[in-house]
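Notes to accompany the following structure.
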Amino acid sequence: MHQSQERLLNIIFVIIFAFVWVGLISMSRLVLGAHWPSDVIVGLAIALLWLIFVILAFIRAEIEINKHSKLQRTR
């Protein structure tokens, strides 16, 4: 197995694990009566928005780093 395939499998495993973990915690909050369904839904929505923001920030940072490294090489 190539290293890129292994990396992809690791990423897929982590994503599946994270979804299962979040799902179990969300369901436990509902089953135990700790939160209303609307609380859990809003919490998940806020978490998703935060995740999107962080991913976009990392992508932008990577683009900026690549841009600056190309400028350094041309000097």
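Is at least one residue of the stretch 26-34 charged (D, E, K, R), in contact with a helix residue (DSSP H, G or I) (Cβ under 9 Å, 6 or more places away or on another chain) and surrounded by 10 or more Cβ atoms within 10 Å (Cβ to Cβ)? Checked against the condition, which is being charged (D, E, K, R), in contact with a helix residue (DSSP H, G or I) (Cβ under 9 Å, 6 or more places away or on another chain) and surrounded by 10 or more Cβ atoms within 10 Å (Cβ to Cβ), the stretch 26-34 yields at least one hit.
Listed here are the residues, each with its yes/no results for (1) outside any loop (DSSP other than H, G, I, E, B); (2) at pLDDT below 95; (3) loosely packed, with under 10 Cβ neighbours inside 10 Å.
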residue: MET1; (1), (2), (3): no, yes, yes
residue: GLN5; (1), (2), (3): yes, yes, yes
residue: LEU8; (1), (2), (3): yes, yes, no
residue: VAL20; (1), (2), (3): yes, no, no
residue: LEU44; (1), (2), (3): yes, no, no
residue: ALA57; (1), (2), (3): yes, no, no
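The values are calculated or read from the model by the stated rules, or taken from the named source; none is laboratory data. All figures in this text were calculated on a predicted structure; none of them were measured in a lab. Every residue, glycine among them, receives a Cβ derived from its backbone with ideal geometry; neighbour counts consider all protein chains shown.
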